[in-house]
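Remarks on the structure that follows.
The values are calculated or read from the model by the stated rules, or taken from the named source; none is laboratory data. Just so it is clear, the model here is predicted, and its values are computed rather than measured. Please note: Cβ atoms are built from the backbone with ideal geometry, for glycine as well, and neighbour counts cover all protein chains shown. In case anyone asks, the SASA skips ligands and DNA or RNA and just uses the protein heavy atoms, side chains included. Shrake-Rupley method; radii C 1.70, N 1.55, O 1.52, S 1.80 Å.
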Amino acid sequence: VLNRLQAQNTGEPNYDESKVPAYTLPNVLKTVTNRQVRNKATWEQLRRPEIIKLFEDNVYGQMPKAFDRLTYSIKRENISAMAGKATLKEVLIEVVHDQKRLAINLVLFVPTKPKGPVPVFLLINNRGKENTDPIRAHKSDFWPAEMVIDSGYAIAAFHVSDLAPDDTVSYVNGVLRLYPEQVTAPNGMRAIGAWAWGASRVLDYFEKDPSIDAKKVAIVGHSRGGKAALWAAAEDQRFAMCFSNCSGNTGAALSRRRFGETIRRINTVFPHWFAKNYKKFNNNEDLLPVDQHMLLAAIAPRPLYVTNASKDLWADPTGTYLSLKNASSVYALYKLGSNLPANPPAINQPIINSSLGYHNREGEHNLTAYDWNSFLKFADVYLKSR
Ligand code: GCU
């Protein structure tokens, strides 16, 4: 205990499993009035909305649902992109609210001559814009568009800076201009909430694009983008599937373990990511009415795939797997996820045959071809065949 307190006071991250404190997770299947959830109906009508509200009020902030209008225009279309394998669309999505306007730039590739509307992978791009180059002069494994097109899926991306620049000061210069009350509210959304909000607006667009099967949209994010992907999928049940890569603290990893990154550290270095209320839980994890397994559970029964990288201890691979395992009691209400093993699989052994998929890839914190290759296998099972 002394070691942990010392570690917290000096801000040194703990990487020693023996120093993980004893903790009790909030029971995902017990309502705030202490009612045990035994079936889907109670989960969907009572407990799930409760959990979403707890995350809104204490962690990510509210998700504004209302806006005056959403329009879109195709800025550029190339029906013979990727040497004829795909159609490129560069779409400008505009959201107007209270006479203020927000532009989201979407890059979308759709396979040529599909048999009908196709499922799509949507990446929340939190890295360089060159990763999603529409011209394909720059290619990167962070968004391997050719590989996804060759597998028969559409692939799309938007950049987080359209919604909220990833900066402690300028994060307000995006969607928060449309909802200024969010900036001052203790439970107002900030950058991560804004990115998730943007993903839902792209889904609004997909519902109007006849080449896309909007019932089969997989949301993908890496790290801070992976936190936003989970929040988007939890908040917006239209997302059919979620891939959260190396999302770590306030993503897929359990906060109470205080292994690697902590709530205090994330709130200090990235004060613009989460609701103001979240700061109450700096060095105070046990008081949080949620832990991250409840966020994963809120995605049930939709297939969810979570990853780690073996050298990325900052994102707590063990705590991530435990989080997934603890979400499985909710998937079990739908008779899903029961085949998730009790212990984390070996490195480079993806679990594909469960609605709760997982791998711990060998290597560093990143989104790589290995990760995407596993995503495609998982999607082939749960998205393509349906
Ligand atoms: C930092 C941050 C993490 C985040 C990561 C990333 O390391 O502490 O929470 O996930 O950046 O986005 O790559």
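Scanning segment 323-336 for residues that are in a helix (DSSP H, G or I) and either farther than 16 Å from THR262 by Cβ or touching a Gly at 6+ places or on another chain (Cβ under 6 Å) (or both) yields LEU324, LYS325, ASN326, ALA327, SER328, SER329, VAL330, TYR331, ALA332, LEU333, TYR334.
For segment 103-139, residues that are among the acidic types (Asp, Glu) and either within 19 Å of ALA228 (Cβ to Cβ) or open to solvent by 40 Å² or more (accessible area, probe 1.4 Å) (or both) total 1. Note on segment 118-159: residues that are outside any loop (DSSP other than H, G, I, E, B), of a type outside the set (A, V, I, L, M) and in contact with a Ser or Thr (Cβ under 6 Å, 6 or more places away or on another chain) total 2.
Taking the stated definitions as given, is ALA332 at pLDDT 95 or above, more than 21 Å from PRO119 (Cβ to Cβ), open to solvent by less than 60 Å² (accessible area, probe 1.4 Å) and small (Gly, Ala, Ser)? Taking the combined requirement at face value, the residue satisfies it. In this structure, ALA154 does not satisfy being under 10 Å from the mean Cα position of the chain (by Cα) and buried (at least 24 other Cβ atoms within 10 Å of the Cβ). The single condition among (1) at pLDDT 95 or above; (2) at positive phi; (3) among the basic types (Lys, Arg); (4) open to solvent by 30 Å² or more (accessible area, probe 1.4 Å) that ARG177 does not meet is (2).
When both residues are 6+ apart or on different chains and their Cβ atoms are under 6 Å apart, which pairs have a first residue that lies in segment 82-96 and is in contact (Cβ under 8 Å) with a residue 12 or more places away in the chain, and a second that is among the small types (Gly, Ala, Ser) and surrounded by 15 or more Cβ atoms within 10 Å (Cβ to Cβ)? What qualifies is LEU88/ALA81.
How many residues, within segment 71-99, are within 27 Å of the chain's Cα centre (by Cα) and surrounded by fewer than 17 Cβ atoms within 10 Å (Cβ to Cβ)? Step through it out loud before you land on a result.
Step one: list which residues in segment 71-99 are within 27 Å of the chain's Cα centre (by Cα), which gives 71-74, 86-97.
Now narrow it down to the ones that are surrounded by fewer than 17 Cβ atoms within 10 Å (Cβ to Cβ): 71, 73-74, 90, 92, 94, 96.
Residues that pass the stated criteria total 7.
With segment 200-315 as the region, which strands (runs of 3 or more DSSP E) entirely inside it contain at least 2 residues that are within 11 Å of the ligand (Cβ to nearest atom)?
Because the criterion is at least 2 residues that are within 11 Å of the ligand (Cβ to nearest atom), the strands (runs of 3 or more DSSP E) in segment 200-315 that meet it are 212-222, 241-245.
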